[in-house]
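Structure first, then comments.
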Amino acid sequence: MKMPKLLRPMLATLVDKPFDDEGWLYEIKWDGYRALVYLNNGDVEMKSRNDKSFNERFYSLYDALKKWKVNAIVDGEIVVVNEDGIPDFSALQNWRSEADGELLLYIFDLLWYDGKDLTQQPVTERKDLLKKIMPKLNNIRMSESFNAGASDFFKVAKKLNLEGIMAKKADSKYYPGERTKEWLKIKTGKSQEVIIGGFTRNKGSKKEFSSLLVGLPENGTLKYTGKIGTGFSNKLQKELMEKFEPLETKECPFTNKPDVNKPSRFRPNPPQAVATWIRPVLTCEVSYAELTSDGVMRHPSFKGMREDKNSNEIVKEKPKATSKIIAKPENSSKKMQIKKVKLQQPKGEELALKLLHGAADTSRKTLLNPTEKSQTKKINGKNVTFNNLNKIYFPKDKVTKRDVINYYYLVAPFILPYMKDRPQTLIRYPNGIAGKSFYQKDVTGKVPDWVKKFHYSSEHGGKRNFMVCTNEASLLLIASLGGLEMHPWSSRSQKPDNPDWCIIDLDPSSKNTFDQVITAAQTTKKVLDAIDVPCYCKTSGATGLHIYIPLGAKYSYEQSKEFARMVVTIVQKEIPSFTSIERIIENRENKLYLDFLQNRPQATLAAPYSLRPKADATVSMPLHWNEVTKGLQVKDFTIFNAVDRLQKQGDIFSPVLGKGINLKKVVTQIQKNFDIGQVHKSLLI
């Protein structure tokens, strides 16, 4: 049989929930470009679902596939993965060379092989044969399936920020070009492919455009569904404008002309935007929080252009009820006869990550052995002695000093960026959390000579030699001194008066619920989003949440404090019933304190990934914003699970150490959007 020249990929039906039924296979839903690959003994053609060639665009995959000497047609997904092995669609959109990220092809089906059409064979048999012929090429990988329930696997996918999972009937055949109920997709978040009908440019803006105007087909017309203003780099904006300019038109393509200057709750004084219409032929994908009653997306963000799809392929995706799709027929008492195949069983995140990485475990092992009470290790060229290692530091779970030091060794690559070159306030617990603790700021004569010190004279005349953390040796020395929790300055010794971040500390009273803390964090983010300020959240490890804003060491502590004061003042007005910005405790009326005063010299909070002196050995853990929702608990992150999370997700807090905001522009934005009264003189830059 001659190889077909053109096939269309089989499509899946979107459903609302995962399920645990016999006779189904489950696999990762890759966030990339679908590709059918035609292989003929070294001749290769990679095709998109709208029949465009991927050969030149993704040349590294094309070159690799030429080494696969088979006659076959395979179905798969092209993705770019980040350092944690997680697919990143925006990175795929921007991929131009191997320096732009790791490009992979995950293959999940075999449609034709060695002169035989396999589409009418069960997917289990197709996968079994595919596994036997897969090449040993690092960037060409097989997308494995599991024949176990989807519920736990879906939780893992959501935790790892994957797009979702696929469910395929184990006896399903392949129907080219058809959307079938034998293949189902379950997404971990909300996303939608949309058609671009125009763009806006705000008055006075130097950007190529300020937002995209997008819509969805409805009864032969294009219905407006939202304004997309985030998710673009300057480079991408220029590339998109090159696509838009030839398509400009005077006629609005939407059924109802959108009001691009409509005020919102967080932007009561919107910028004076001008809309430019384009012919509705380009498509893109956006993520969003929810749809309003009139079908407009809330908090949409641009994910990337869908170069692999034509505008006539775009449909509004509404999940079907899983219960109806997989409803068992009347004769369901007869079990399906499915060929038994050996498929890997899900083992939670460990297995999912092995599939994502396709590499051996190279993670760190513990530093100290479990038997000797005293051990000396050479770290960064220095001999560091650790004594009394059997001493119990957290009585509830019998966590020892050894366990604490091993923890900090394992997380050192992640915590050090927030500790390095920073003076430290030591809070020592020499006998664990059940014993007495004490603060130590001046370490003169108390630490080895190789430890770097920072001499600081306060405005009140106090003089101290603070310990400076410089490397793993000094980090672990703090732990060995009973430093259960790490408290670095917000500034480095090189620029002691200029913090790298601004902090908003959400500090609840005993009368507040943690759900109220979460609401305060979400409200703070909404305010900061409204003025285009990035922010990052972590648990305190005690009772509250910390929100960090990158400053890039460009401003003083006074400016950081006054900026934070402006933000919390706005937040407090939004949720006045249970929050306060009163410094004096008696005046807070048992309300949650929106603390901005942590932004001053020598003030410290627990570092990201630091342990806290609580019974459960909790950790101050950075969070994805989609984790800051009802049900989150501070005790979710402890010494027992923090390392696994870090090894799987990496340091998600790192943008805090980035370039930093432009405070002048931000203050101007606040003045435009909010009634904040007189601006502190330090912010009149």
>> Here is a list: K235, K187. Which entry is in contact (Cβ under 8 Å) with a residue 12 or more places away in the chain and out of contact with any strand residue (DSSP E or B) (no Cβ under 7 Å at 6 or more places or on another chain)?
In response: K235
> Quick one: how many residues across segment 614-632 are farther than 9 Å from T539 by Cα and not in a loop (DSSP other than H, G, I, E, B)?
Replying inline: 4
> Which of the residues belonging to segment 56-92 are touching a helix residue (DSSP H, G or I) at 6+ places or on another chain (Cβ under 8 Å) and closer than 23 Å to R8 by Cβ?
Replying inline: E56, V70, A72, V74, I78, V79
> So which of D31, D20, D84 ends up being within 26 Å of the chain's Cα centre (by Cα), in a loop (DSSP other than H, G, I, E, B) and more than 19 Å from R306 (Cα to Cα)?
Replying inline: D84
> In segment 256-278, which residues are touching a Phe, Trp or Tyr at 6+ places or on another chain (Cβ under 7 Å) and surrounded by fewer than 18 Cβ atoms within 10 Å (Cβ to Cβ)?
Replying inline: N256, T276
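Rundown of residues vs (1) farther than 30 Å from P601 by Cα; (2) at pLDDT below 65; (3) over 27 Å from the mean Cα position of the chain (by Cα); (4) surrounded by 19 or more Cβ atoms within 10 Å (Cβ to Cβ), yes/no style:
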residue: M336; (1), (2), (3), (4): yes, yes, yes, no
residue: K342; (1), (2), (3), (4): yes, yes, yes, no
residue: Q345; (1), (2), (3), (4): yes, yes, no, no
residue: D361; (1), (2), (3), (4): yes, yes, no, no
residue: R364; (1), (2), (3), (4): yes, no, no, no
residue: S374; (1), (2), (3), (4): yes, no, yes, no
residue: N387; (1), (2), (3), (4): yes, no, yes, no
residue: N390; (1), (2), (3), (4): yes, no, yes, no
residue: I427; (1), (2), (3), (4): no, no, yes, yes
> Within the set of pairs 6+ apart or on separate chains, which have a first residue in segment 14-33 that is at positive phi, a second that is among the β-branched types (V, I, T), and C-beta atoms under 7 Å apart?
Replying inline: G23/I338
> Quick one: in segment 134-151, which of the residues that are within 10 Å of Y26 (Cα to Cα) and of a type in the set (A, V, I, L, M) is modelled with the lowest pLDDT?
Replying inline: A148
> Among the candidates Y38, Y26, Y62, which residue alone is buried (at least 21 other Cβ atoms within 10 Å of the Cβ), out of contact with any Leu (no Cβ under 9 Å at 6 or more places or on another chain), assigned by TED's automatic domain parsing to the domain that holds I165 and outside any loop (DSSP other than H, G, I, E, B)?
Replying inline: Y26
> Looking at S293, S287, which is the one that is touching a Gly at 6+ places or on another chain (Cβ under 7 Å) and among the polar types (S, T, N, Q)?
Replying inline: S287
>> Given the options G177, G220, name the one that is in the same structural domain as Q121 (by TED's automatic domain parsing), surrounded by fewer than 16 Cβ atoms within 10 Å (Cβ to Cβ) and either without any contact (Cβ under 8 Å) to a residue 24 or more places away in the chain or within 30 Å of N161 (Cα to Cα) (or both).
In response: G177
>> Please go through segment 580-597 and give me each residue that is farther than 19 Å from K511 by Cα and crowded, with 16+ Cβ neighbours inside 10 Å, ordered by number.
In response: F596
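Conditions tested, residue by residue: (1) part of a helix (DSSP H, G or I); (2) farther than 30 Å from R298 by Cβ.
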{"position": "V468", "(1), (2)": "no, yes"}
{"position": "L477", "(1), (2)": "yes, yes"}
{"position": "G482", "(1), (2)": "no, yes"}
{"position": "S491", "(1), (2)": "no, yes"}
{"position": "P496", "(1), (2)": "no, yes"}
{"position": "I504", "(1), (2)": "no, no"}
{"position": "Q522", "(1), (2)": "yes, no"}
{"position": "K526", "(1), (2)": "yes, no"}
> Which residue out of K630, K635 is surrounded by fewer than 18 Cβ atoms within 10 Å (Cβ to Cβ) and touching a residue at least 24 places away in the same chain (Cβ under 8 Å)?
Replying inline: K630
> Just a yes or no: is a residue in segment 270-291 charged (D, E, K, R) and under 28 Å from V571 (Cβ atoms)?
Replying inline: yes
>> I need a count of the residues in segment 651-683 that are in a loop (DSSP other than H, G, I, E, B) and out of contact with any helix residue (DSSP H, G or I) (no Cβ under 8 Å at 6 or more places or on another chain).
In response: 9
> With A607, A615, A521, A564 as the choices, which residue is in contact with a Phe, Trp or Tyr (Cβ under 8 Å, 6 or more places away or on another chain) and closer than 30 Å to Y288 by Cβ?
Replying inline: A564
> What's the number of the condition G76 fails, among (1) closer than 24 Å to T180 by Cβ; (2) at pLDDT below 95; (3) among the small types (G, A, S)?
Replying inline: (2)
> Given the structure, is M3 within 18 Å of L111 (Cβ to Cβ) and not in a strand (DSSP E or B)?
Replying inline: yes
> Identify, please: which residue in segment 657-683 is aliphatic (A, V, I, L, M) and in contact with a Lys or Arg (Cβ under 9 Å, 6 or more places away or on another chain) and is, among those, modelled with the lowest pLDDT?
Replying inline: L683
> Among the listed residues E208, E144, E193, which satisfies the condition of being in contact with an Asp or Glu (Cβ under 8 Å, 6 or more places away or on another chain), assigned to a loop (DSSP other than H, G, I, E, B) and among the charged types (D, E, K, R)?
Replying inline: E144
> Would segment 226-233 turn up any residue that is at pLDDT 90 or above, aromatic (F, W, Y) and surrounded by 15 or more Cβ atoms within 10 Å (Cβ to Cβ)?
Replying inline: no
>> Being among the polar types (S, T, N, Q) and surrounded by fewer than 19 Cβ atoms within 10 Å (Cβ to Cβ) is the requirement here; does S577 meet it?
In response: yes
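Conditions (1) at pLDDT 95 or above; (2) among the acidic types (D, E); (3) under 26 Å from the mean Cα position of the chain (by Cα), marked per residue:
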site: N587; (1), (2), (3): no, no, no
site: Y593; (1), (2), (3): yes, no, no
site: P622; (1), (2), (3): yes, no, yes
site: W625; (1), (2), (3): yes, no, yes
site: D644; (1), (2), (3): no, yes, yes
>> Criterion first (of a type in the set (V, I, T) and either without any contact (Cβ under 8 Å) to a residue 40 or more places away in the chain or touching a helix residue (DSSP H, G or I) at 6+ places or on another chain (Cβ under 7 Å) (or both)) does V123 satisfy it?
In response: no
>> If a residue must be closer than 18 Å to A35 by Cα and aromatic (F, W, Y), how many such residues does segment 147-189 contain?
In response: 3
> Just checking, which of V468, V527 is touching a residue at least 60 places away in the same chain (Cβ under 8 Å) and buried (at least 21 other Cβ atoms within 10 Å of the Cβ)?
Replying inline: V527
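The values are calculated or read from the model by the stated rules, or taken from the named source; none is laboratory data. Because the structure is a prediction, the values reported are computed rather than measured. Cβ sites come from the backbone with ideal geometry, for glycine too, and all protein chains shown count toward neighbours.
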